[in-house]
Amino acid sequence: MIYHGSCHCGRVAFALEGAVKTAMSRDCSLCARKGVRLSAVSTERFTLLTAPEASTAYHFDGHAVVHRFCKTCGVQPYSEHVAEGVIYINLNCIDSVDGRAIDSAPISERAA
Ligand SMILES: [Zn+2]
């Protein structure tokens, strides 16, 4: 299965291969403020379909995770943890998926 997702304006779009099963149950301080629900997947499952320059980055937590958000509409479609090879998908940005309806799982089950 291939999912497609994007920010609000569509300038940042991605494809995600495989099932989306769980959301992380422990939101970070940034995601809690934004109301973002994330699901961790391996980088091999993620393909950025638009120009990397369409997004900009926000770093905190020792700069380990790069939070990507659209320069135009401000929506954060994904974040990346390069050292761990993990992409955190914003479930609310995936077409045909209701991010609120996906069950949460312990953070230890991430990166399926
Ligand atoms: Zn946008």
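Would you mind ranking Met24, Met1 so that the residue whose beta carbon has the fewest other beta carbons within 10 Å leads the list? Walk me through the numbers before you get to the answer.
Numbers: Met24 20, Met1 7.
Fewest-to-most ranking of Met24, Met1: Met1, Met24.
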Report summary line: When Ser6, Ser42, Ser29, Ser55 are ranked with the fewest other C-beta atoms within 10 Å first, the list becomes Ser29, Ser42, Ser6, Ser55
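Just so you know, all these numbers are worked out from the coordinates, no wet-lab data involved. It should be emphasised that the depicted structure is a prediction, and the values quoted were computed from it without experimental measurement. In this analysis, Cβ positions are derived from the backbone assuming ideal geometry, glycine residues included, and neighbour counts consider all displayed protein chains.
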